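A quick write-up on the structure given underneath.
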Amino acid sequence: MTPAPEPHAPTSEDPQDHLLVSRWLNGASPWLDPAERVPYGHLISAAAALRCAPADVVSRLAALGYHDVQIPDGRLPASVAAEDAALVESVDSGRGSWVDVTVPVSLRQTVVLADRLQVSPAEVARRLTALGYHYPAGSGPLPETRDARDLLLIRKDRKGYGAWLDQGEEVRAGHVLQVAAELKCGPHAAALRLTALGVRLPYTPDPVDDRLLHTGAAGDEVHHHAAAWYPGHVLAVARETGRRPADVLARLQELGCWIDPLSLPDAPEEDDFVILSEGLDGHSPWLRVNSVVGVQLRHVLRAALVTGRSPAETAERLASLGHVLHENARLPETADEEDVRLLETVDRSFKDGVHLEHVLRSAGLTGRSPADVAERLSALGYRLPDEVEYPEVRAVLRG
């Protein structure tokens, strides 16, 4: 059986003609349809493959019956380089799709090509412009340095499903913090690179921003959003930079941080840094505000012992600095090391019930009787919902 003729197969026997009119520029089917417009990218890639001028390709296509060839405004480039074929292939679609010469080149197209070709975005833009492509009106020059992180910087959809920033587009401040965390770079560096790529920010980057966002907490390189939730950090950087705490909070909000209503003193007491630090040493790591279960009672008692204040005075000062005790907590009149040791064994919040297994665990760790533990935890505000009779026998500590 004679095979059916291939649609639009060329009648010419010239291998170059076959390459010219093959859709994949490989000299084989499928073939371009003479009734359809030949894309400009196909024209440039064919010229690069055949090592001839684009004008010669247009002439040969016309001789083969392809009279509708897409040509940009202005003159065709006199020549093309072999590597220009890679420039005009669209990164948004599959094989045989071309960058549309009628619309501005996307920032994604540029940074992907820069990474593939190991050149700068500026070099890609220059070469595409020389080929007749154009960039958004009013867009400035792109960076002269290549950065492999550019594509991740401009990805709007963090799952990578196809939403990308473009030149002239304004990005939300939180995007900068998010990509900086993912790329493990400073937010200021991320902001500067986005600006260099032509993306607009809702604020002007400042080198001090990284200091404002760096809380010193474990993993804070991926939790920049939460910088304002550490009052000790806010007061410390205010003192370090000579700014008012309110101004630090305002800048953090500009930078995309989550902000809760918080009023901090312009002139904090020296003890404030002590009671706001996790180690009670006046330095980071700082306590993080927990608006759900509140500041730990154990920390209040430890802070009272260190500063010589009463638990009530300590809790009142912490509350004025943003750290509030849970409403169920009951403060003892005086701070006691025994209470601190007991509370160190409790991993329940004041919102949770303390059950038999928790009491027995604390008794085993402290050497106190379960009855004594239960009584003391109840006095400190914990709920013990189990109706059990706790033994009076003290646990034996094993070294």
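Quick notes
- Residue in the stretch 120-142 that is within 28 Å of residue 85 (Cα to Cα), part of a loop (DSSP other than H, G, I, E, B) and of a type in the set (Asp, Glu) present: no
- Residues of the stretch 184-208 that turn out to be crowded, with 21+ Cβ neighbours inside 10 Å, closer than 19 Å to residue 106 by Cα and under 16 Å from the mean Cα position of the chain (by Cα), as a count: 3
- Residue 109 in a helix (DSSP H, G or I) and open to solvent by 60 Å² or more (accessible area, probe 1.4 Å): no
- Once the stretch 224-250 is narrowed to residues that are in contact with a Cys (Cβ under 9 Å, 6 or more places away or on another chain) and open to solvent by 30 Å² or more (accessible area, probe 1.4 Å), the residue that is farthest from residue 176 (Cα to Cα) is 229.
- Filtering the stretch 271-305 to residues that are aliphatic (A, V, I, L, M) and over 29 Å from the mean Cα position of the chain (by Cα) leaves 274, 275, 280, 297, 300, 301, 303, 304, 305.
- Long-range neighbours under 7 Å by Cβ, at least six apart or interchain, first residue under 19 Å from residue 376 (Cα atoms) and in contact (Cβ under 8 Å) with a residue 40 or more places away in the chain within the stretch 288-305, second open to solvent by less than 70 Å² (accessible area, probe 1.4 Å) and not β-branched (Val, Ile, Thr): 297/325; 297/329; 297/343; 297/380; 298/343; 301/311; 301/335; 301/339
- Of all residues in the stretch 154-183 being in contact with a Leu (Cβ under 8 Å, 6 or more places away or on another chain) and in a loop (DSSP other than H, G, I, E, B), the one that is surrounded by the fewest Cβ atoms within 10 Å (Cβ to Cβ): 156
- Considering residues of the stretch 112-135 that are without any contact (Cβ under 8 Å) to a residue 24 or more places away in the chain and open to solvent by 30 Å² or more (accessible area, probe 1.4 Å) only, the residue nearest to residue 42 (Cα to Cα): 129
- Scanning the stretch 233-249 for any residue that is assigned to a helix (DSSP H, G or I), in contact with a strand residue (DSSP E or B) (Cβ under 7 Å, 6 or more places away or on another chain) and within 26 Å of residue 186 (Cα to Cα) turns up at least one such residue.
- Cross-chain or 6+ apart pairs with Cβ under 9 Å, the stretch 136-156 first and closer than 10 Å to residue 123 by Cα, then open to solvent by less than 90 Å² (accessible area, probe 1.4 Å) and of a type in the set (D, E, K, R): 142/123; 143/150; 143/193; 144/123; 146/115; 146/123
- Residue 256 vs. criteria assigned to a loop (DSSP other than H, G, I, E, B) and closer than 30 Å to residue 167 by Cβ: yes
- Filter result (in a helix (DSSP H, G or I) and buried (at least 17 other Cβ atoms within 10 Å of the Cβ)) within the stretch 84-106: 84, 85, 87
The values are calculated or read from the model by the stated rules, or taken from the named source; none is laboratory data. Values in this document were obtained by computation on a predicted structure and should not be read as measured data. Cβ sites come from the backbone with ideal geometry, for glycine too, and all protein chains shown count toward neighbours. Just the protein is used for accessible areas: all its heavy atoms, side chains included, with ligands, DNA and RNA removed. Shrake-Rupley method; radii C 1.70, N 1.55, O 1.52, S 1.80 Å.
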